[in-house]
Structure formats: C-alpha cells, structure tokens
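S.K.: So that we are looking at the same thing, I have put the structure below in structure tokens.
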Amino acid sequence: MAVICLLNSSGLSAQDTGEVTSKVYKQIDTISLAMEFHYPPGEQAKKPLPVMVFFFGGGWNGGSIDQFRPHAEYFAKRGIIVALADYRVASRHNTTPFESLKDAKSAIRYLRKHHKELRIDPDQIIAAGGSAGGHLAAATGNVPGMDEEGEDLSISARSNALVLFNPVYDNGPGQYGYERVKDRYQAFSPKHNIKAGAPPTIVFFGTKDRLVDVPTIEAYDAAMEAVGARCETFLYEGQTHGFFNFRSQKNYRETVYQTDRFLASLGYLEGPPLINPKIQVVVWDERQPRQKKAYPDFLGNQIATALEKNPNLSVRSVSLDDPEQGLSEAVLENCEVMIWWGHVRHTEVSVETSKRLIERVKKGKMHMIFLHSAHWANPFMAAMNEVLRARVEAKYGAMPGPVDIVYQTIPDSLRFRVPKLGEQVKPSLYERKFPDGRIQVTVEPPTCIFPFYRNDGKPSTLITLQPKHPIATGIPHRFSLPATEMYDEPFHIPEPDEVIFEERWATGEWFRSGALWQIGEGKVFYFRPGHETYPIFFQKTPLQILKNTVLWMEGFLKG
C-alpha cells in the first residue's frame, strides 16, 4: 500500500454514533444466539432507557438481523437502546417455528434479567419485527407459555409494547403458518391469545400482502378493541409484503415516522421525530433582479412552488441575502436535497462554507443539484474538487512506494477565466517518477468552465441518453427548449459517473447537460438549461427532471 502525502487535504470528522456491541443471550447445545445492541450517543446512554428488540422476518425458515439495522441506527439516535436478535430458523438449525418462539421469549427474559448491566428500563421493553419476526414480537406480548426448559420463569418474558410490520399474527386454519403448527395453533397464534391488558400495539400492512389479507387484519383489530387494548393499524394501499424495508425509502420513512410518534405517545421517546415522511428540499437562489424578466417572484421561488405540489416533498426557498446566506445549521439540518442557482455573486459564498456543504454530501446528509450558471459556484467547484481528490487517491493509493500528491489551486486572478479552444482540459494530472522510486503527481484542478457560450435565446434540443435511469422517468427521448443560453464543450470537469442528458444546438454546439457524480455517500447532479431570463422552469419537462432527481436521490424513485 502506498504512503500518500496530500497537500491542502482536510480530514473527515467522525459522526456522533453510540456504542454497538454483541452479547450471547442463549446457548442451546452448540448453538449460540446473540443480540446486537445499539446504544444512543452521548450521556443519555448512561441512564436506564427503553429497549426495542427486533426479530427479522423469513417465515421461521431464514433471515438476518441485517434487515432492521437501519431501524436500529435510527432509534438509537432517537434515544433508546435497540437490540437485533438472532433466533433459530429451519434453514440453519433444522428447527420448527416453536423453537423460534422460545428463542424470542428467551431474548425478552434476558433483557429483563440483565437490565442493570445493559442499562435498560425493565418495564419499557418494546418487541418489534416483520412477517414471521412480527409474529414472534406479537407472541411475546400475547402468547403465554412457550418457554425454554430450564429458564427462570419468575422473570417475565412479556413485552410492554409492540411494533409489528406485516406480522403473520393469525396462525389458525387457513392462515399463514397453520400447516406447520397444525392443532397447536391456539398455543402459538397471537390472534388466539389476545386478552385484557394486551400491550399497546402499532401495525403496518400493505393491502396487497400475499400472506395476510385485509379481513384478517380487521379481525385482529376487532379482537384488540374487544378487550380494550390499543391497536393502531396503518394500511398502505397497493403495497405488498415487505413494503416497509429500508430499500423502499418512502414506506420506510413513513412507517418509522409513525412508530416514532407511537413510542413518544407511550412516553418512551421525547421530542419530535428525526425523520420526516416527506423529502426535505431547500432551493437556494441568489435572487438577482434580472430574474424578474422571466420569474416575477424569482426563479428559486418558482421552482419551490412547482416542487411543493408533489405530496412527497416539503420545499423551502432561501436566498443569499437571508440570515447566514440561507445556509444556517437550522436550514441544513432540515435539508436532504439542495437545489442551487447562482450566477453573478458566486464569491460571496465562501470556500469554507462551500466545503461545509460538500462535507454534508460526503456523509450522506444531503444531496445537491446545481443549475446552469452554478457551474462556477464555489460549492459546485468544491464538489468537483472532491470528486477529483477521491479518484486521485484511489488511483495512487494502491501503488507500491511513496507517492507525493500536490494539489494546485486556481489563483484569484484566473478564477473566472474562460479557456481557449484547444487548451488542456482540466482537471489534469502530471506524473513524475524519480530514480529512487518516488512518484510525484501534480494535480491541476477543474476550472468548471467551457470555451464558448452564447446568450442569444436560440432553441436547443435535449437527448435522453439513459431513458431507463430514474431521473429520466416520463421524459421523452428528445425534447426542445424554445429559448436558452448556449454552452459548448469541452466542459472542464471530472468525467461524470453518468450523463443522463445531452443538449445540442442547430449551429453544431453540444453539451453534457445532465451529469451525475457520487461523492462519498451523497450525490451531485448538474442540470444545464438556463439562464434566468428565460422561463425554463415554468416548463413541464425541466420541472419533471428536477422532481425525478430529488425523488431518486432519496430513494423514492427506482429504476
């Protein structure tokens, strides 16, 4: 592995995460069953807290604790302890569903028995799970017995609250699991053991669940109501089994949000949820007066108004002249996607502020969309420099021997210089090898500009190069802009990871007008059409592209 010496590099600060540890809660012959504990960060983890134990789905046949790790990370950050419980399943242990349930009971009993060392409140144990894991969670709150032989039955294995994701909680005749439990269903099925004092419960189902139909769900709700127990059931129209998992971001966020509110109502959580069912979008705009020619209420406000019509988006419009330039911590902490329009006041946003924005992108805290003349905005240039840095380090980091990497900077006097056609396209790398084996690499940064532009308002044609990309959903293969400014290649930027749209003019110019980069855990998209004196963002197709990009960046839109 090479030793890389970096000039002008900056380190990443560690995210504030709590302790994660694993403990064996049960030993059966040669089988060790463990729970992975996620603790809240900071001082709050030092006092007794509620614990939420998740049981994975998989039909009592398979599955993994990985299923609910995103939930664990969220709820630990929210201030409770989370345990991801392994249990015996048929594919790995040649067991029946009865052994799975015994393990779930053992897990609850372990938490209560060891509550002091685990820093758990023994009267605030929440059982949660999906599908067969949802059955196990429900059973810990409702089904008596099914205890492992030899355990201390004076310690209760009953949970205090239930969070159930498409649980198979009725195992009677004709229902899921009956063929495996047969005439023992009444001792196994949560539905058949509901009694007064049943734990407060929240349930999430899709109406197209293949394992549990709506009448079965309604019957469970009625049984809970009959004994005076609280049961909040949320039905998601048209959704199928497993709809709530992390890969389905829209449903994941909605179900986690409702779970958060439910637990807060029980006093297990304090304060508002850290997650929002809607994507939090911030539109940042210079709001220069020239925009009034095409946008009576400014360009950024028009984009925000158009996007706000989508029920999955919550949009805020800010400007350079707002307090802290519209980029306060309060704004950023409630921003998942930032759309940036800048043109004539680029340098007023400092390099330090720009780097702070891109650090958030790298950490996956937000994504950014840059529009038109924002190619020269300091945050876009910071993003392109970060792309370059990551690629250089990836290329030279695997080389044997020392590598000195020298990153050059753009002098202020050349900050807005337009290159001549035929000049070396930036970024560029110059590699020098010394007799002692040492390598020095000089890196010239991207200038994020191009040799020609023309603001004559002539039409352009955009070509969708990747029609199957989510950003291109519903976008024609070709579409025209009736009036726009012309930019011409070469664009002095790091090669995009993907180019979604290419733009052409009748006079022969062309441009990569929809370019995408991955930066750490975040995404950056550049969309060229402009400028601010043309009403481009009153037009349906450009607005659809922005909406698609926002939804895709946060996982609401799949390819």
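The values are calculated or read from the model by the stated rules, or taken from the named source; none is laboratory data. A quick note: this is a predicted structure, and the numbers were derived from the prediction, not measured. Glycine also receives a Cβ, built like all others from the backbone with ideal geometry; neighbour counts cover every protein chain displayed.
S.K.: Which residue pairs have Cβ atoms under 7 Å apart, sit 6 or more places apart or on different chains, and have a first residue in region 166-178 that is hydroxyl-bearing (Ser, Thr, Tyr) and a second that is part of a helix (DSSP H, G or I)?
M.R.: These pairs meet every condition: Tyr169/Gly134; Tyr169/His135; Tyr169/Ala138; Tyr169/Pro190; Tyr169/Lys191; Tyr169/Tyr220; Tyr178/Tyr185.
S.K.: When region 427-453 is examined, which residues are found to be part of a loop (DSSP other than H, G, I, E, B) and either at pLDDT below 95 or among the aliphatic types (A, V, I, L, M) (or both)?
M.R.: Across region 427-453, the qualifying residues are Phe434, Pro435, Asp436, Gly437, Arg438, Ile449.
S.K.: Select from region 429-463 the residues that are closer than 22 Å to Ala377 by Cβ, touching a Pro at 6+ places or on another chain (Cβ under 9 Å) and without any contact (Cβ under 8 Å) to a residue 40 or more places away in the chain and list them in ascending order.
M.R.: Glu444, Pro451
S.K.: Of the residues in region 23-49, how many are within 25 Å of the chain's Cα centre (by Cα) and either at pLDDT 90 or above or not assigned by TED's automatic domain parsing to the domain that holds Ala127 (or both)?
M.R.: Number of matching residues: 7.
S.K.: Restricting attention to region 166-178, does a residue exist that is among the hydrophobic types (A, V, I, L, M, F, W, C), in a loop (DSSP other than H, G, I, E, B), surrounded by fewer than 24 Cβ atoms within 10 Å (Cβ to Cβ) and touching a helix residue (DSSP H, G or I) at 6+ places or on another chain (Cβ under 8 Å)?
M.R.: No, there is no match, as no residue in region 166-178 is among the hydrophobic types (A, V, I, L, M, F, W, C), in a loop (DSSP other than H, G, I, E, B), surrounded by fewer than 24 Cβ atoms within 10 Å (Cβ to Cβ) and touching a helix residue (DSSP H, G or I) at 6+ places or on another chain (Cβ under 8 Å).
S.K.: Among the candidates Arg109, Arg88, Arg158, which residue alone is of a type in the set (Lys, Arg), in the same structural domain as Val214 (by TED's automatic domain parsing) and not in a loop (DSSP other than H, G, I, E, B)? Before you say what the answer is, go through the steps one by one.
M.R.: Working: Arg88 fails: not in a loop (DSSP other than H, G, I, E, B); Arg158 fails: not in a loop (DSSP other than H, G, I, E, B).
Of the residues listed, the single one that is of a type in the set (Lys, Arg), in the same structural domain as Val214 (by TED's automatic domain parsing) and not in a loop (DSSP other than H, G, I, E, B) is Arg109.
S.K.: Looking at region 259-307, which of the residues that are among the charged types (D, E, K, R) and crowded, with 22+ Cβ neighbours inside 10 Å is nearest to Leu332 (Cα to Cα)?
M.R.: Checking each candidate, the answer is Asp285.
S.K.: Any residue at all in region 526-547 that's assigned to a strand (DSSP E or B) and either of a type outside the set (Ser, Thr, Tyr) or in the same structural domain as Cys335 (by TED's automatic domain parsing) (or both)? Give the derivation first.
M.R.: So in region 526-547, the residues assigned to a strand (DSSP E or B) come out as 526-527.
With the extra rule that they be either of a type outside the set (Ser, Thr, Tyr) or in the same structural domain as Cys335 (by TED's automatic domain parsing) (or both), the set shrinks to 526-527.
Checked against the condition, which is being assigned to a strand (DSSP E or B) and either of a type outside the set (Ser, Thr, Tyr) or in the same structural domain as Cys335 (by TED's automatic domain parsing) (or both), region 526-547 yields at least one hit.
S.K.: Same structure again: For region 225-339, which fully contained strands (runs of 3 or more DSSP E) count at least 3 residues that are free of Cβ contacts under 8 Å to residues at least 40 places away in the same chain and over 22 Å from Val214 (Cα atoms)? Working first, answer last.
M.R.: On the way: elements: 231-236, 279-285, 313-319.
Qualifying strands (runs of 3 or more DSSP E): 313-319.
S.K.: For residues that are buried (at least 18 other Cβ atoms within 10 Å of the Cβ) and of a type in the set (S, T, N, Q), tally how many sit in region 482-524.
M.R.: 2
S.K.: Could you tell me whether Phe511 is closer than 26 Å to Asp285 by Cα, of a type in the set (Phe, Trp, Tyr) and either touching a Leu at 6+ places or on another chain (Cβ under 8 Å) or at pLDDT 95 or above (or both)?
M.R.: When the stated conditions are applied, Phe511 passes them.
S.K.: Give me a count of the residues in region 35-85 that are out of contact with any helix residue (DSSP H, G or I) (no Cβ under 9 Å at 6 or more places or on another chain) and part of a strand (DSSP E or B).
M.R.: At the first step, the residues of region 35-85 found to be out of contact with any helix residue (DSSP H, G or I) (no Cβ under 9 Å at 6 or more places or on another chain) are 42-44, 46-47, 49, 64, 66, 69, 73, 77.
With part of a strand (DSSP E or B) added as a condition, the list becomes 49.
Result for region 35-85: 1.
S.K.: Out of (1) at pLDDT 95 or above; (2) out of contact with any Cys (no Cβ under 9 Å at 6 or more places or on another chain); (3) among the hydrophobic types (A, V, I, L, M, F, W, C), the odd one out for Phe380 is which?
M.R.: (2)
S.K.: Can you go through Thr347, Thr305, Thr353 and tell me which one is modelled with pLDDT under 95 and in the same structural domain as Lys540 (by TED's automatic domain parsing)? If you could, list the steps in order and put the result at the bottom.
M.R.: On the way: Thr305 fails: modelled with pLDDT under 95; Thr353 fails: modelled with pLDDT under 95.
The match here is Thr347.
S.K.: Also, quick follow-up: Output the number of residues of region 350-370 satisfying the condition of being part of a loop (DSSP other than H, G, I, E, B) and either among the basic types (Lys, Arg) or in contact with a Phe, Trp or Tyr (Cβ under 9 Å, 6 or more places away or on another chain) (or both). Show your work before the answer.
M.R.: Going through region 350-370, the residues part of a loop (DSSP other than H, G, I, E, B) turn out to be 350, 363-366.
With either among the basic types (Lys, Arg) or in contact with a Phe, Trp or Tyr (Cβ under 9 Å, 6 or more places away or on another chain) (or both) added as a condition, the list becomes 363, 365.
Qualifying residue count for the region: 2.
S.K.: Residue check: is Glu117 part of a helix (DSSP H, G or I), more than 31 Å from the chain's Cα centre (by Cα) and surrounded by fewer than 20 Cβ atoms within 10 Å (Cβ to Cβ)?
M.R.: Yes, satisfied.
S.K.: Exactly one of (1) over 31 Å from the mean Cα position of the chain (by Cα); (2) closer than 26 Å to Ser354 by Cβ is unmet by Gly422. Its number?
M.R.: Of the numbered conditions (1) over 31 Å from the mean Cα position of the chain (by Cα); (2) closer than 26 Å to Ser354 by Cβ, the odd one out for Gly422 is (2).
S.K.: Among Gly129, Gly134, which is the only one that is in contact with a helix residue (DSSP H, G or I) (Cβ under 8 Å, 6 or more places away or on another chain) and among the small types (Gly, Ala, Ser)?
M.R.: Gly129
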